[in-house]
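What follows is calculated from the coordinates using simple rules that are stated; it is not laboratory data. Note that the structure is predicted; figures quoted are calculated from it, not measured. Every residue, glycine as well, gets a Cβ built from its backbone with ideal geometry; the counts of neighbours run over all protein chains shown.
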Amino acid sequence: MAIEDWDLNLFTSDPTLFERSSDDDYERAANALERLADPRRLRLLHALAVGEETAQRAAVWAGLDQAYAERELATMALAGMVERREGPRGPLYQPRDGHFIVQLHVALAHGRESSRERHPQLLRRRAAGNVRGRRAG
């Protein structure tokens, strides 16, 4: 499915993202990023995002030891990053929150680019105007 409106993105579709958030929101955002800030955890999450549901299959896809994957997926389930359910042959896992998948893909995009490459511009300067009933600026 192609995106036809190139101006539609996360940052322009929600005008509240132009407003300062509460200190608690920034704290929760930093905690969410911290939970993902491990390359092996990112690989496991990526494996789950492409459909590998068991610790064994996720470990093989991610190139990790199965014992590590089992422990880490259990930890990720306790942290609320993935959902765990029992299957006929043992636990199955899936990403719990699409935001983590978005963070994964943004992090991978940065990881694949060199610092000399031009990065996409996501925000344009907005003209002075109203944002949710208040004067912006």
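Backbone geometry of the range 56-70 corresponds, through the Karplus equation with coefficients 6.51, -1.76 and 1.60 at θ = phi - 60°, to 3J(HN,Hα) couplings of 5, 5, 5, 5, 5, 4, 7, x, 10, 5, 4, 4, 4, 4, 4 Hz, x marking Gly and Pro.
With the Cα gyration tensor of the range 34-108 giving a ≥ b ≥ c as the square roots of its eigenvalues, does the rule (a/c under 1.5 for rounded; else a/b larger than b/c for prolate; else oblate) give rounded, prolate or oblate?
prolate
Were the residues from Arg84 through Ala37 laid out at 0.36 nm apart, the gain over their Cα-Cα distance would be 14.8 nm.
At 7 Å along the Cα-to-beta-carbon direction for both Ala77 and Arg20, put a label point, then send me their distance in nm to one decimal. Label at Ala77, label at Arg20, 4.2 nm between them.
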